[in-house]
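Structure first, then comments.
Nothing in this text is a laboratory measurement; each read-out follows from the coordinates by a stated rule. In this text the structure is predicted, and so the values were computed from the model without any measurement. Methodologically, a virtual Cβ is constructed for each residue, glycine included, from the backbone with ideal geometry; neighbour enumeration extends over all protein chains shown.
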Amino acid sequence: MPLVTFEGIDGCGKTTQIEKLSEYLKSKGIKHSIFREPGGTKIGEQIRNILLDKSNTSMDPKTEFLLYAASRAQLVKEKVKPELEKGEYVILDRYIDSSVAYQGFGRGLGKRIVMLVNEFATDMLYPDLTFYFEIDKETFEKRMKPKKDRLESEGWLFMERVIEGYNSLKRSKRFVTVDGKLGENEIFKVIIEEFEKHFAL
Ligand code: TYD
């Protein structure tokens, strides 16, 4: 069964759309599970706390990168693969592309090593469909004002590099770019259209 991922910089609005998609699938009686990254498993949630803790100011980019990959390896093994094997849809709030964008480009570790380690971590499990929510600086700054975690504290300059990372993935056939500035319902319409097109619902 299909693996669908949602991507974008912080504040892009993907989480709201995942909730809407879940309601839609429920209304159609389509079984699915949703996991967030980093996290989604007991071990992964512990890793998440380390990653997002603002007091961890001295974390090396390589440590950060490997912790994301570790959380992902656990999620794929413990949840994603078993669910897919049961024949259910799996929806992920962030996946490999986040590491390419944030660690590969944002932190400057490079795309090659990020892909290599993630292929190892996931046994090359790639999504069937990826929604990428594109937003501009103005929207980002408006949405980022309240509670910032360690990565959200990075600001626009960092996000510009992250966006460059996402842009480098746009050519991939599974990648659908959504204008994150559109209204909630307009965006949802696009998502459903794509979903139906890909999976013949
Ligand atoms: P979260 O609060 O879940 O943010 P969002 O709602 O925007 O997804 O925090 C996840 C943070 O971790 C987010 O800033 C992006 C970052 N991240 C990476 O840097 N690399 C990764 O591989 C993943 C999955 C997330």
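Annotations for the structure displayed:
- Of Lys26/Lys81; Lys28/Lys86; Lys81/Lys142; Lys14/Lys111; Lys31/Lys189; Lys26/Lys173, pairs whose Cα-Cα distance is over 30 Å: Lys81/Lys142
- Helical mean residue ellipticity (222 nm; -39500 (n - 2.57) per DSSP H run of 4+; nearest 500) of the chain: -14500 deg cm²/dmol
- Among Glu45, Glu37, Glu23: highest mean-square fluctuation, GNM of the chain, C-alpha pairs under 10 Å: Glu23
- Theoretical FRET efficiency, 1/(1+(r/R0)^6), r = Cβ-Cβ of Lys20 and Phe120, R0 41 Å, to 0.05: 0.75
- Subtracting the Cα-Cα distance of Lys111 and Met59 from 0.36 nm times their residue separation leaves 16.7 nm of extension gain.
- Convex hull of the chain built on C-alpha atoms - directionally averaged projected area, nm²: 10.7 nm²
- For Thr122, net neighbour charge (Lys/Arg +1, Asp/Glu -1) across residues whose Cβ lies under 10 Å away: +1
- Just checking the listed ones, Glu85, Glu164, Glu152: in the Gaussian network model of the chain with Cα springs under 10 Å, the one fluctuating most is Glu85.
- The relative contact order of the chain comes to 32 percent, based on Cα pairs under 8 Å that sit 6 or more residues apart.
- Choice from Thr130, Thr15, Thr63 showing the highest fluctuation, given a GNM over the chain with Cα pairs closer than 10 Å: Thr63
- Given charges at Cβ of Lys, Arg, Asp, Glu: the stretch 1-148 dipole, positive-most of Tyr68, Gly104, Tyr126: Tyr68
- Between the beta carbons of Glu196 and Lys142, assuming R0 = 35 Å, the FRET efficiency works out to 0.65 to the nearest 0.05.
- What you get for the chain, charging only the Cβ of Lys and Arg (+1) and of Asp and Glu (-1), is a dipole of about 220 debye around the Cα centre.
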